[in-house]
Every structure is written in C-alpha cells, then in structure tokens.
Amino acid sequence: MHNPCGIFNETYEQDLAIFRTKWQWFFLVGGIALAASAPLFLNSYIVGILILIFTTTIVLHGLNILTGYCGQISLAQAAFAAVGAYTSALLCQYVPQFAWFPEWFKGGFNFWLTVPIAGLTAGLIGVLFGIPALRLRGFYLVMATLAAHFIILWFITQWIGTQARRLPAPHLAGIILNSEESYYYVVLVAVIILTYFAKNLVRTRLGRAWIAIRDNDLAAEVMGISLFRYKLSAFFIGCFFAGVGGALWAHYTRSITPEYYLIHYGLWYLGYIIVGGMGATVGPFFGAGFLIILTELLAYVISALSGVFHGIENYLSAAREVLFGLVVVLFMILEPRGIAHRWQIFKAYYRLFPYAH
Amino acid sequence: MIIVETIIYGLVVGAVYGVVALGFVLIYKSSSVLNLAQGALLMLGGFTCLQIYQWLPGGVLFFILAVIVTLVIAALLGFSIERLALRPLIGEPLISVIMMTIGLNVLLIGIGYAIWESGNYAYPTDIIPIGFMTILGTSISYKYIFSLIIALFCLLLFGLFFQFTRSGIAMRATADDQLAAQSLGISTSQIFRNAWAIGCITAAIGGIIIGFLIGLNCYNTPVLGLRVLPVVLLGGLDSIPGAIIGGLIVGVTENLAGAYLDPLLYQWLGWGGTRDVFPYFLIMIILMLKPYGLFGWVRIERI
C-alpha cells in the first residue's frame with residue numbers, strides 16, 4: 001500500500017505498520033468509538049442486525065482465509081458454524097458430575113469457556129474433512145466440501161436431533177448479557193480481536209505460504225512449502241473462525257435448530273466473500289454489511305409496500321433469493337474482485353486528491 | 001425378494017441421476033464450467049411442463065406438446081444463460097465461475113418460489129396408467145418403468161449424438177483441447193452455447209421425470225440437483241459413460257444402504273436418513289482413493 005505524499009517508511013517497523021498515518025489512527029479509533037457507542041443511539045432491532053453482521057463477519061474471516069488466501073474453495077462453512085454452535089449448546093447443558101473436577105468448574109461450562117472450545121472443535125473437524133484437499137483440486141474439492149456439509153449435518157440431525165436446542169445467555173461479573181445492547185459488546189470485542197488476528201495471520205510466514213499455495217500449489221510445493229501442513233492449517237483456522245462465529249450467533253438467538261445451517265447458507269457465505277472481495281481482510285465486513293443491509297432494506301421496502309399491494313409480503317423470501325442471486329451475478333460480471341477492490345481504488349484516488357498524479 | 005426389488009428401484013433412480021448428470025458432464029466437458037445451477041434448472045423444467053400442461057385441455061397428446069414446448073424454453077434459457085452470464089467470465093478464475101452458477105441457482109430458485117410458492121405439486125395421473133408390472137417376482141409401478149425407459153432413451157440418444165453427429169464430435173473436440181479445436185475452424189462459442197442448451201434440456205427432462213416419480217417442491221427439488229453431484233464425481237467430471245455408470249452405481253448403492261444399513265443404524269443408534277447421505281460418504285471414500293473419479297481424466301499437473 002502506498003503512503004500519502006511526503007510520508008516515507010524509514011524503519012522496518014514503519015514499513016510493517018498497518019496503521020501508518022495519524023489520519024488512519026484517527027479513523028480506527030473513531031470507528032471503534034462509533035461502533036461502541038452504537039447501542040446508545042440505535043434501537044435494539046438495528047443493534048440486532050449489527051450483531052448478525054459482526055457474527056457473520058467472523059465466520060467470513062475464516063472462509064476468507066480458507067478460500068481467499070489459501071485458495072481452497074469450501075461450501076461447508078455453514079456446517080462448521082453449526083459444529084461450533086452445537087458444541088457450545090451441548091457443553092453449556094452438560095453439568096459435570098465427577099468429584100475430582102476443580103471447584104470452579106462445578107457449575108459446568110459457561111459461555112466464555114465454550115466459545116473457544118467450539119472454535120477448536122470446528123477446527124479439528126475441519127482438519128478431518130480437509131484431508132481430501134491434499135489430493136483434490138478445483139471442482140473435485142468443491143464437491144468434497146459439499147459432501148462434508150451433508151455428512152456433518154446428517155450427524156447433527158441424527159445424533160442431536162432436529163428439535164430446537166436452548167442456550168443460556170452469557171454472564172459477566174454477575175450481569176446477564178441477554179439484551180441486544182449488552183450482547184452487542186461481546187460480539188464487538190470478539191470481532192475486533194478476531195479481525196486483528198486474521199489481519200496479522202495473513203502477514204506472517206503462514207499467510208505467505210497460503211498465498212503461495214493459492215497462486216500455484218505445485219510451485220509452492222517445489223519451493224519447499226509443505227502442502228500437508230499449510231492446507232490443513234488453513235482448514236483448521238478457517239473452521240476455527242466458523243465455529244467461534246457460529247457459537248456467538250447461537251448464544252445471541254439462544255435457540256438453534258439444524259435448519260439454520262442448511263447448504264443454502266454455505267452457498268450464501270461464499271457469496272458474501274465474493275461480493276465483499278476475497279483476499280482482503282476488509283472484504284468480509286463489506287460483504288456481510290452490504291448484503292445483510294440490502295436484505296433488511298428489502299424487507300423494509302416490502303413491508304412498506306404491503307399497504308399498497310396486498311399479499312406482496314408473501315413474496316419476501318422469494319425476493320430475497322432473487323436479490324441475492326442478482327447481486328452475486330452482477331458482481332461477477334461487473335466487479336469480480338468485490339467491494340474491497342473498489343475501496344482500494346477509492347483510497348488510491350483520495351490519497352492524491354485534489355491532484356490526479 | 002427384497003434385494004431384487006431394491007436393485008431394480010436403484011437402477012431406475014440411477015438412470016434418472018444419469019440423465020441429470022449428463023447435463024453436468026456435457027457443460028463441464030465442453031466449457032469446463034461445473035453448473036451448480038442444475039438443481040434450479042431441474043425444478044424450473046419440471047414446473048414449466050406442469051404449468052403448460054395445466055393451461056392445455058389435457059390428454060397424452062397435449063402432454064407431449066407441453067414437453068416439447070418445455071424443452072424449447074429450456075434450450076432458450078440455456079442460450080441466454082450462456083450469453084448473459086457465462087460469456088463475460090471467460091478467462092476468469094474457477095471461483096468466479098462457481099460463484100456465478102451458485103448465484104444463478106439462487107436467482108432461479110427465487111423466481112421459482114415467487115411463481116409456485118410452497119407446497120407439493122404432483123404430475124397428473126392420467127398420463128401414465130397406474131398399475132404394476134411383475135419383474136423377477138417384484139411388482140414395479142408403471143411410472144418407474146416409464147421413467148427408466150425415458151432415461152435410457154435419453155442416454156442412448158445423447159450417446160449417439162456424441163459419437164456420430166458433426167456437432168457432437170465438435171463438442172468432444174472442444175472439450176479435448178479448446179485451442180486446437182479453434183484452430184481447426186470449430187466455433188467454440190457456438191459449442192458452449194449448444195452445450196448449455198443441451199444441459200438445460202437434460203435438466204428439464206430430469207425435472208419432468210422427477211415430477212412423475214415423486215412430485216415437485218420448491219424446497220426439495222433443487223437439492224436433488226446437488227444429489228446428482230456425487231454421481232458426476234464418481235464417474236469423473238469429464239466422462240459421459242462415467243455419468244451413466246456413476247448414476248447406476250449411486251442409485252443402486254443408496255437404495256441398498258436404505259434397505260440394509262438404515263434399519264441397522266436405527267437399531268443401534270436410532271439414526272435414520274442413511275439413504276440420503278450415503279452417496280456423500282461414497283464419494284468421500286472414492287475421492288480419497290481416486291481423486292479424478294472412476295473414469296475421469298487424470299490431469300498431469302505442470303508448473
């Protein structure tokens with residue numbers, strides 16, 4: 001990334017910094033402050049939408065690492081989110097009986113413990129289903145992840161059942177975080193930490209290895225990058241994010257059924273990162289934000305029109321599908337690199353403003 | 001003899017899978033696009049035929065007319081999808097193509113929801129007589145026999161088309177090597193267009209057969225399109241005989257799994273639905289052993 005006029009990188013630290021100028025720090029701090037104060041001036045419905053956007057963003061960070069950086073296209077992200085959600089749900093219901101458990105653990109698992117465990121479980125199952133990726137490429141891999149989705153969902157529906165599972169609301173220092181406003185802060189902190197994690201992960205040795213594998217996996221292997229290690233690490237981390245995002249969303253709705261994780265959602269997740277822009281950490285924010293806000297606007301428009309045209313509200317789910325399909329198709333034709341690429345162009349333009357050169 | 005019955009039903013289902021899988025293979029072979037929108041095309045084909053038939057006075061002749069009109073509409077849809085959606089993506093990476101067909105899938109399913117809404121739609125029962133035929137001691141409904149005949153007829157027709165007609169051979173040549181085919185004067189864009197038209201037609205035929213066998217539903221029929229993917233992979237993405245043999249293998253094994261494995265699992269664990277998930281286990285295992293399917297081309301990768 002180029003710096004604005006007159007700012008030069010003179011040390012390695014400056015060269016590596018994500019936020020380089022005062023204005024970038026200003027926008028970062030201002031943005032976080034704005035996000036943190038959102039529940040003060042927005043109503044709880046909109047805060048609920050923000051929670052949806054942020055939890056989706058966490059899931060998408062995983063898919064972005066797996067597909068955008070490592071090039072392993074996965075349709076199974078919804079299934080891994082389901083693994084995370086169900087792990088968390090089952091652990092929260094489980095009360096340990098053994099006498100040798102430590103005293104602080106007697107009350108069973110709580111939210112703060114189950115969410116990381118949910119991520120780890122989803123990551124390990126992701127590694128299991130990532131093993132075929134070592135031999136498969138292209139469409140064959142896409143189909144293997146599709147099969148993984150159906151197999152995981154089958155296990156969940158048969159083993160745990162299709163009835164709704166209830167989850168407890170998280171507690172923090174004696175306060176129950178069960179309102180939109182209070183749970184929003186949990187999600188906000190999680191999304192900030194995980195975004196920082198995702199952004200830095202792709203700048204490390206690991207991330208560079210993933211990019212090499214994405215660009216040409218045979219060449220990467222010849223260069224000495226272990227495909228086994230790095231493809232599986234991409235699956236682990238990608239699915240870890242999915243598990244954490246799924247668990248966070250499940251604790252917000254506090255009731256989950258397998259219907260929330262149909263193949264449909266796996267396809268939508270891929271659509272989100274395409275629209276947002278793959279291979280950029282801001283991509284998931286743009287994708288989730290743009291499409292979720294668009295579908296909410298659609299719901300709003302349709303409910304506003306239902307007074308004029310009777311029966312139009314029955315078409316909401318159909319209209320949502322058509323809109324999503326249309327957006328994805330148009331993005332593929334007009335801007336295959338997603339909103340993140342437009343954002344780059346925009347930034348490059350304003351870096352030089354008002355002079356074009 | 002439950003095993004004979006299971007195998008015969010499996011063959012019927014497998015032949016239907018084979019027809020739908022043929023559409024996938026055709027499009028993949030000629031233009032290296034895996035059409036994930038096949039499920040939506042299946043649903044649209046089945047529904048269009050039913051809708052046209054309901055507008056007509058009724059009877060077998062009018063049904064045949066409705067089928068012909070549906071196939072023409074399917075071909076036109078195929079042309080327009082190729083022209084509007086896939087042509088701009090030539091040269092784009094794999095993920096763009098996959099995402100485009102996923103987007104088309106969602107878009108077409110959305111249109112289906114808007115027109116036909118929820119609920120099950122059964123095909124009229126006066127086209128195929130209700131009744132049973134006894135084969136090898138098992139009675140099989142006429143609609144299954146009819147479906148099997150139609151499916152086998154389609155497979156034969158497309159097989160002959162690829163083997164002997166000029167445009168069939170041109171399609172195979174394009175699939176083999178696009179550049180070489182172009183230099184020999186084959187218009188590859190025309191081939192892509194025809195491949196999409198044929199892909200849509202096979203999907204429509206599959207949709208009509210599914211309408212007869214189990215009825216149509218906006219939610220379940222598109223998922224059936226995804227159930228054909230194990231078939232395609234089993235046979236190998238670029239093999240036409242593979243699609244047919246893969247279809248029969250998947251059809252028979254999933255029925256056998258439903259008949260024998262399902263009660264066993266139910267007894268042990270109380271689990272069900274083995275029949276639906278079995279093809280996915282099958283391809284996971286097969287892809288581990290043979291990453292290009294049973295009959296697919298093993299591409300030698302070069303840097």
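Some notes on this structure:
- Of the residues A:Leu63, A:Leu172, A:Leu248, the one that moves most in a GNM of chain A with alpha-carbon contacts below 10 Å is A:Leu172.
- Note: chain A, Cα convex hull, 198 Å³ per residue.
- Summed over qualifying helices (DSSP H, 4 residues or more, each -39500 (n - 2.57)) and divided by its residue number, chain B shows a 222 nm mean residue ellipticity of -23500 deg cm²/dmol.
- Net +/- balance of residues flanking A:Gly276 in space, Cβ distance below 13 Å, scoring K and R +1, D and E -1: +1
- In this structure the amide hydrogen of B:Leu294, modeled in the peptide plane, comes within under 5 Å of the amide hydrogens of B:Gly235, B:Gly236, none closer than 5 places in sequence on its chain.
- Among A:Thr162, A:Thr57, A:Thr257, residue whose mean-square fluctuation peaks in a GNM of chain A (springs only between Cα atoms under 10 Å): A:Thr162
- Note on B:Leu157 and A:Arg208: their simple-model spin labels are 5.9 nm apart, each label 7 Å out from Cα toward Cβ.
- If you take the Cα centroid of the range B:110-161 and the Cα centroid of the range B:39-77, the two points sit 14 Å apart.
- 24 Å Cα-Cα reach of A:Lys347 towards lysines, excluding residues that sit fewer than 8 places from it in its own chain: A:Lys22, A:Lys199
- Neighbouring Cβ atoms from other chains, within 10 Å of the Cβ of residues in A:316-328, number 6 on average.
- The mean sequence distance of close C-alpha pairs (under 8 Å, at least 6 residues apart), as a share of the length of chain A, puts its relative contact order at 29 percent.
- Label-to-label distance for A:Leu352 and B:Ile300 is 4.8 nm, based on points extended 7 Å past Cα in the beta-carbon direction.
- Charge dipole (debye, nearest 20) of chain B; +1 at Cβ of Lys and Arg, -1 at Cβ of Asp and Glu: 480 debye
- Over the range B:75-177, the hull volume per residue, using the convex hull of the C-alpha atoms, is 207 Å³.
- Once backbone amide H atoms are built at 1.01 Å from N, B:Glu92 has no partners under 5 Å, excluding neighbours fewer than 5 places away on the same chain.
- Counting neighbouring Cβ atoms within 10 Å and putting the fewest first, the residues B:Lys29, A:Lys347, A:Lys22 line up as A:Lys22, A:Lys347, B:Lys29.
- All C-alpha pair distances within the protein assembly as shown, sorted into 20 Å bins from zero, spread as 17, 50, 29, 5, 0 percent across the bins.
- Oblate is the label for the range A:29-89, because the ratio a/c of its alpha-carbon gyration tensor axes (a ≥ b ≥ c) is 1.5 or higher and a/b is not greater than b/c.
- Label-reachable residues, the range A:111-152, where backbone N falls under 12 Å from a point 7 Å from A:Glu221's Cα toward its Cβ: A:133-137
- The range B:144-231, relative contact order in percent, only Cα pairs under 8 angstrom and at least six apart counted: 22 percent
- Label-point gap, in nm, between A:Arg254 and B:Val72 - each point 7 angstrom along Cα→Cβ: 6.0 nm
- Gain on full stretching of the segment that runs from A:Asn200 to A:Arg166 - 0.36 nm per residue minus C-alpha separation: 8.7 nm
- Relative contact order of the range B:10-228, pairs being alpha-carbon contacts under 8 Å that are 6 or more residues apart, as %: 47 percent
- Computed from point charges on the beta carbon alone (+1 for Lys and Arg, -1 for Asp and Glu), the dipole magnitude for the protein assembly as shown about its Cα centre is near 1000 Debye.
- GNM result for chain A, Cα springs below 10 Å: residue of A:Leu177, A:Leu28, A:Leu330 fluctuating most strongly: A:Leu28
- Ranking B:Tyr144, A:Ala280, B:Leu282 by how far each Cα lies toward the positive end of the dipole of the protein assembly as shown (charges on Cβ) leaves A:Ala280 at the top.
- Of B:Phe153, B:Leu265, B:Ile90, farthest towards positive along the dipole that unit charges on Lys, Arg, Asp, Glu beta carbons give chain B: B:Ile90
- For the residues of B:2-14, the average number of beta carbons from a partner chain within 10 Å of their own beta carbon is 0.
- Three-way shape call for the range A:226-321 based on the alpha-carbon gyration tensor, with the a/c threshold at 1.5: prolate
- Think of chain A as having a plus end and a minus end, set by charges on the Cβ of Lys, Arg, Asp and Glu; of A:His61, A:Gly31, A:Tyr140, A:Tyr140 sits farthest toward the positive end of this dipole.
- Cβ-derived FRET efficiency at R0 22 Å, A:Leu28 paired with A:Ala173, nearest 0.05: 0.20
- Mean projected area of the convex hull spanned by the Cα atoms of the range B:10-228, taken over all viewing directions: 12.8 nm².
- About the Cα centre, charge dipole magnitude for the range A:42-352 (Lys/Arg +1, Asp/Glu -1 at Cβ), debye: 800 debye
- Pairwise FRET efficiency - B:Gln190 versus B:Val60, Cβ, R0 = 45 Å, nearest 0.05: 0.80
- Taking a span of 27 Å or more along the helix axis (Cα atoms) and a mean Kyte-Doolittle hydropathy of at least 1.6 as the rule, the DSSP H helices of chain B that qualify are B:2-31, B:60-81, B:94-116, B:142-164.
- Distance from the Cα centroid of the range A:217-272 to that of the range A:1-69 is 21 Å (rounded to whole angstrom).
- Hits among lysines - C-alpha to C-alpha of B:Lys290 under 27 Å, sequence gap 8 or more where chains match: A:Lys231, B:Lys29
- Sites B:Tyr219 and A:Leu16 - FRET efficiency at Förster radius 45 Å, r taken between beta-carbons, to 0.05: 0.35
- Shielding of A:141-152 by partner chains, average beta-carbon count, 10 Å: 6
Just so you know, all these numbers are worked out from the coordinates, no wet-lab data involved. Computed from a predicted structure; not experimentally measured. Cβ coordinates were reconstructed from backbone atoms using ideal geometry, including for glycine residues, and neighbour counts include every protein chain displayed.
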